[in-house]
């Protein structure tokens, strides 16, 4: 009888294959006390393992094929930075010297300490960064016991799917050249590095399937449905044939989508629709252009500030990164978001400016623009770099989590100061449009204030849903309540779009509005958003062609009355019926 399991779908598609179980190196870590006087020898054993892992990562990076996703090299660099983290090394050595723990025990003990600090972070993206630390520790543990990693874990012939506690992004090169067709992990979320790489490689993947590692056995036949998060273990012949047919149909559909790259994104009534790319690194520009993106709708700058041992990036380093994106996009518009991070979610262990950052509710604390305005010198460095980069091409600056008029005034004051400084220094800079992220219900309900001051708006639906419904989407105990189709969310979103489109009448010019959250990249949401009046979508590059296909099939004039029915439906059954009629 087939066994069905569920997890979080993070990369679309279907994979069928025999299970390869990658056991976690942490499961069988030896725990013993080293003999008195042997502490330094144990420390040297740890250092030798770290040197071996550094060589392994250097080799992995050197051997990256030319067509490997740009994220791969960046994530390997992140792992090298974590491996060389001085504080973690010193703390691990302290366990050996003071407690006489063996190296493996000391390493996992320190990992547990770090894990607890990450678990207290409210931001889902940053909380999932513990996976990077765990993956580096796994490599060191394997080096300590002389074990092979993922590259040597699979043998035999045929299609395979990987079942693991977690998978390091660097190890996922095996999916590009090997026999693995998809993967399942016990942990992870939609914003983990592993999920990001899975999407860039177009690998069917399900994460956060807590029971998978214990219930799936070696060589079980497994179906991975990356669209729904469903896992089927030992399927019947009928189910297997059905999913193989779905695989073939999906492959044909992907090939057809590629033909749309150069087709203008226009609805059936000839309205142009802007399809933009969300990117994490400058290297992501290549896949964005390959997918036919009209520009970059969201460039997240957090990577510049992460894992730096408390040292912030300088103006020239930031300018170089922003310039690379503008030049790579070949004249297409680029929107760069200022740092979206908080002191409740430290950049790394050494980045505490004031010592104690314990908050009762970090999600409502010092984060995003509040964090930037709390350190004007840091903020102005970023603004100066952005203004300088604007001299190279069309650039928009996006301000995250703005909610108050005072924040708007302070932001523009800092921008004016940055311009004045550059002018006084005779440094070349260019014009920028300034926009606000609408992701707090308070901002959505005070929209005229934002329309008055900003050149454009971008709706961050992920946080807007989270704050509107008071649901932490990364908290498994309530994640089932996180619902982008909740009537309150839909009506708030429709109100934002309608008010922004109407602003042209009193402002004298249109105010551009886009959606850059998960909803924008979900083809099932495209007709709904078009019917609300949205004409600019920003998403992961891999989603652009699928959304474009929906745009080409849609007639907004016919969708608008159907959307009004959706917006007036509050009971679940009514809402589902209205959505079914829309799609």
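The values are calculated or read from the model by the stated rules, or taken from the named source; none is laboratory data. No experiment lies behind these values; they were computed from the predicted model shown. Counting neighbours? That spans all protein chains shown, and the Cβs are built from the backbone with ideal geometry, glycine included.
Let's see how each residue does on (1) in the same structural domain as residue 52 (by TED's automatic domain parsing); (2) at pLDDT 65 or above:
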| site | (1), (2) |
| --- | --- |
| 137 | yes, yes |
| 142 | yes, yes |
| 166 | no, yes |
| 172 | no, yes |
| 177 | no, no |
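Considering only the stretch 120-130, I want to know if a residue exists there that is modelled with pLDDT under 80, in the same structural domain as residue 64 (by TED's automatic domain parsing), under 30 Å from residue 247 (Cβ atoms) and surrounded by 18 or more Cβ atoms within 10 Å (Cβ to Cβ). Yes, because at least one residue in the stretch 120-130 is modelled with pLDDT under 80, in the same structural domain as residue 64 (by TED's automatic domain parsing), under 30 Å from residue 247 (Cβ atoms) and surrounded by 18 or more Cβ atoms within 10 Å (Cβ to Cβ).
Taking the criterion of being part of a loop (DSSP other than H, G, I, E, B) and either touching a helix residue (DSSP H, G or I) at 6+ places or on another chain (Cβ under 6 Å) or under 23 Å from residue 254 (Cα atoms) (or both), the residues of the stretch 216-233 that qualify are 226, 227, 228, 229. A single entry from 524, 504, 470 fulfils the requirement of being closer than 22 Å to residue 399 by Cα and surrounded by fewer than 16 Cβ atoms within 10 Å (Cβ to Cβ): 504. Taken over the stretch 522-536, the residue count meeting the criterion of being over 16 Å from residue 557 (Cβ atoms) and at pLDDT 90 or above is 4.
Let's see how each residue does on (1) at pLDDT below 95; (2) within 22 Å of residue 322 (Cα to Cα); (3) within 28 Å of the chain's Cα centre (by Cα):
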position	(1), (2), (3)
402	no, no, yes
407	no, no, yes
411	no, yes, yes
421	no, yes, no
433	no, yes, yes
437	no, yes, yes
449	no, no, no
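Taken over the stretch 68-93, the criterion of being in contact (Cβ under 8 Å) with a residue 40 or more places away in the chain and exposed (fewer than 14 other Cβ atoms within 10 Å of the Cβ) is satisfied by 86 alone. Restricting attention to the stretch 524-578, the residues that are in contact (Cβ under 8 Å) with a residue 60 or more places away in the chain, assigned to a helix (DSSP H, G or I) and either touching a helix residue (DSSP H, G or I) at 6+ places or on another chain (Cβ under 6 Å) or under 27 Å from residue 262 (Cα atoms) (or both) add up to 17. Among the residues of the stretch 289-307, is any modelled with pLDDT of 90 or more and farther than 23 Å from residue 458 by Cα? Looking through the stretch 289-307, at least one residue is modelled with pLDDT of 90 or more and farther than 23 Å from residue 458 by Cα. I'd like to check something: does the stretch 357-368 contain any residue that is touching a strand residue (DSSP E or B) at 6+ places or on another chain (Cβ under 6 Å), at pLDDT 95 or above and in a loop (DSSP other than H, G, I, E, B)? There is no residue in the stretch 357-368 that is touching a strand residue (DSSP E or B) at 6+ places or on another chain (Cβ under 6 Å), at pLDDT 95 or above and in a loop (DSSP other than H, G, I, E, B). None of 288, 294, 205, 265 is buried (at least 17 other Cβ atoms within 10 Å of the Cβ), under 30 Å from residue 318 (Cα atoms) and in contact with a helix residue (DSSP H, G or I) (Cβ under 7 Å, 6 or more places away or on another chain) except 288. Is there a residue in the stretch 217-224 that is within 28 Å of residue 166 (Cβ to Cβ), at pLDDT below 90 and within 29 Å of the chain's Cα centre (by Cα)? Within the stretch 217-224, not a single residue is within 28 Å of residue 166 (Cβ to Cβ), at pLDDT below 90 and within 29 Å of the chain's Cα centre (by Cα). Take the conditions (1) modelled with pLDDT under 95; (2) in contact with a helix residue (DSSP H, G or I) (Cβ under 8 Å, 6 or more places away or on another chain); (3) more than 23 Å from residue 513 (Cβ to Cβ); residue 279 misses just one of them, which is (3).
All told, residue 277 falls short of being more than 30 Å from residue 4 (Cβ to Cβ), in a helix (DSSP H, G or I) and within 24 Å of the chain's Cα centre (by Cα). Over 24 Å from residue 330 (Cα atoms), over 28 Å from the mean Cα position of the chain (by Cα) and not in a helix (DSSP H, G or I) - does that describe any residue in the stretch 248-262? No, that holds for no residue. Within the stretch 183-215, the set of residues being farther than 19 Å from residue 119 by Cα, modelled with pLDDT under 90 and assigned to a loop (DSSP other than H, G, I, E, B) comprises 202, 203, 211.
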